[in-house]
1. Taking segment A:1-48 only, how many residues are in contact (Cβ under 8 Å) with a residue 40 or more places away in the chain, more than 14 Å from chain B (Cβ to nearest Cβ) and closer than 30 Å to A:Ala93 by Cα?
2. Go through segment A:84-103 and give me each residue that's at the interface with chain B (Cβ under 7 Å from one of its Cβ atoms) and either touching a residue at least 24 places away in the same chain (Cβ under 8 Å) or of a type in the set (D, E, K, R) (or both).
3. Kindly evaluate B:Arg95 against the criterion of being farther than 24 Å from B:Gly158 by Cβ, within 9 Å of another protein chain (Cβ to nearest Cβ), touching a residue at least 12 places away in the same chain (Cβ under 8 Å) and out of contact with any Ser or Thr (no Cβ under 8 Å at 6 or more places or on another chain).
4. Against the condition in a helix (DSSP H, G or I), open to solvent by 20 Å² or more (accessible area, probe 1.4 Å) and not aromatic (Phe, Trp, Tyr), how does A:Val173 come out, does it pass?
5. I need a count of the residues in segment B:116-151 that are within 10 Å of chain A (Cβ to nearest Cβ), in contact (Cβ under 8 Å) with a residue 24 or more places away in the chain and over 18 Å from B:Leu200 (Cβ atoms).
6. Regarding B:Ile165, is this residue out of contact with any Phe, Trp or Tyr (no Cβ under 8 Å at 6 or more places or on another chain) and within 14 Å of another protein chain (Cβ to nearest Cβ)?
7. If you take the residues of segment A:199-223 that are outside any helix (DSSP H, G or I) and modelled with pLDDT under 75, which of them is least open to solvent (accessible area, probe 1.4 Å)?
8. Residue check, B:Ile197 against (1) open to solvent by less than 20 Å² (accessible area, probe 1.4 Å); (2) closer than 27 Å to B:Gly292 by Cβ; (3) not hydroxyl-bearing (Ser, Thr, Tyr), all met but one. Which one?
Amino acid sequence: MRHFHLLLVHELRMLAVSAATYSAAVLFLLMMGLMYFLVIYQYDNVFQNDPPSAQYFQVFWIPVVFVVPLLTMKSLAEERRHGTLEAMLTTPASTLEIVLAKYFAAYFFYIGLWALTLLFPWIAVLFLNPANPDSPLHDTASLSGGFMFVCISGLLYVALGVLASSLTRNTLVAGMLSFSMLFVLIIGGNLLLHLPWQDAPFLANFHPVVEYLQPFQHLQDFSRGVMDTRPFFLYASNTILVLGMTTMAIEARATN
Amino acid sequence: MPEALLIPPPGSAANTVVARPSLQAIGLTKEYGSVRAIENLSFTVARGEIVGFLGPNGAGKSTTMRIFSGLLAATSGRAYVAGIPVAKSPDEAKRRLGYMPEHNPLPDDMRVAEYLHLRARLKEVPRKKAKARVEEVLEMCGLQHKTRRKLIGTLSKGYRQRVGIADAILAEPEVILMDEPTIGLDPHQILSIRRLIDSLRGRLTVLISSHILPEIEMCCDRVMIINQGRLVAVGTSASLRRELLTRSEWRVRLKGDVATFEQLLPEVHAGLRLAACSAVDSDGFVEIRLEGPANEPGLGENLLTAVTRRGSWRVREIAFVEPGLEQIFLAATKQGEDTLAPFARKYK
């Protein structure tokens, strides 16, 4: 893994000098800022059980299905289209190192964007100046829990984006593939829960499994401060699997 | 079998190499489904040699180079780079090889020096030496001063090729593979690339594939010609010329009766004949092309003597037309096609 650090620094540097990075960051922050504003506005008008931070993270899937494909669709597809991936593979750097560098660069950027949104509650406190120190705006527990969920689930979502990018030379196709996979994974499972499972007895046992795999369920647990190791294991193991598949996809296309 | 066409079969005594070759292919075969891109390819390239790798489109040049660079796995056979088997130790082989792929893919959004520095580090040039080595190759390839700070995407084709060559020689590998390094360049750029390759002579082993045959002839010590995935000729230009060309060509510029001149030819040599005759120019001279047997050392002298003895023509020029690599290439690939015709039919 001696080339990994070098490649990662290079990838992060390329992100830092790219105008597209800043455009994506601005759009993301505008969208999430608007979401946070709407959450606070709603909280002010209608009584809510959950603090604003917990509600804010409920919409995590919107930036995931849009921003993750945008961040990852170029990573390998464009390099393959231009042939620069092939040039990279003629060096002693391994395919795994290249995939990991691309993946972690995208992941760090993704987390960096989310980290910036942690400033929203601070800005809200600064401007709204709540007199009560127990105000829901000060609820750091649900905020850190939600952020932790984003960090852990992001491992898998970004890996899926990188996998989609490794399967095609066309960045647009990679983006659409990534969007579809994330949509099915996050929303599809939720829709399955609304199917009449109980009506079909042989499918009844699948209900708890689908429920367990629900990202919204994990988010709820994290926001309430429930730190279960099972989601960690679920996301981490699937991330390793997806990154392994990405490496194999690159090697299979490069050497055949 | 002619000397230039001797291609030792794998494992034969002729294939036993005393000094370790920089590149060695033993029975390399690559199949893409039912299509066989290269077939039982065996050759060696000695250390310090510059070898031209010629062949028509789709002959298997790039496939061979990609196998040596570790990008493709051969279906069967073995490839060695600096004595290291590419299939078993690809990383070790890559450390000894600089590869400039066809179309020279480069990242458009990086600056020249920045890109070369990254490549140097990836190729495991020690951190302390990387900067000095990058400066060295920038100077060697004429990329210093303003060019070094330019974005690669803004460079002309010629400069991009230079960046590709600079990248290939960056880690001072034992072997350099260049796939069509002069493709799409203007004559000035071709000349500068040729000088650059010339400057590597003796220091590095270079295998160049190209379609620009005069360039290959000028800068390569030896030529390998591949056709339909098989090596059809190996040797120096001179040896290939001797072995493959069965006809010689002569050019005569004279003023006088061409029909009488044609009658003279059988007296000079039974195989000498008039191949073409130009129209009479403003001075009343015609240019005649003669074809005769190859490897007849006395033919030119006899022709000169016969023409001057008659004295009925005014002769301005009698010259032997040196056959270029183009003729050798055409002869070798034609011969190869004839040899391979039954094979090609079999795989259709």
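The values are calculated or read from the model by the stated rules, or taken from the named source; none is laboratory data. What you see is a predicted model; the values in this text were computed from it and never measured. Please note: Cβ atoms are built from the backbone with ideal geometry, for glycine as well, and neighbour counts cover all protein chains shown. Heads up: the accessible areas ignore ligands, DNA and RNA and are worked out on the full protein's heavy atoms, side chains in. Shrake-Rupley method; radii C 1.70, N 1.55, O 1.52, S 1.80 Å.
1. 1
2. Once the filter is applied, which keeps residues that are at the interface with chain B (Cβ under 7 Å from one of its Cβ atoms) and either touching a residue at least 24 places away in the same chain (Cβ under 8 Å) or of a type in the set (D, E, K, R) (or both), segment A:84-103 yields A:Glu86, A:Leu89, A:Thr91, A:Pro92, A:Ala93.
3. yes
4. Answer is yes for this residue.
5. Going through segment B:116-151 one residue at a time, the tally reaches 1.
6. Spelling it out, B:Ile165 is indeed out of contact with any Phe, Trp or Tyr (no Cβ under 8 Å at 6 or more places or on another chain) and within 14 Å of another protein chain (Cβ to nearest Cβ).
7. A:Ala200
8. For B:Ile197, the exception is condition (2).
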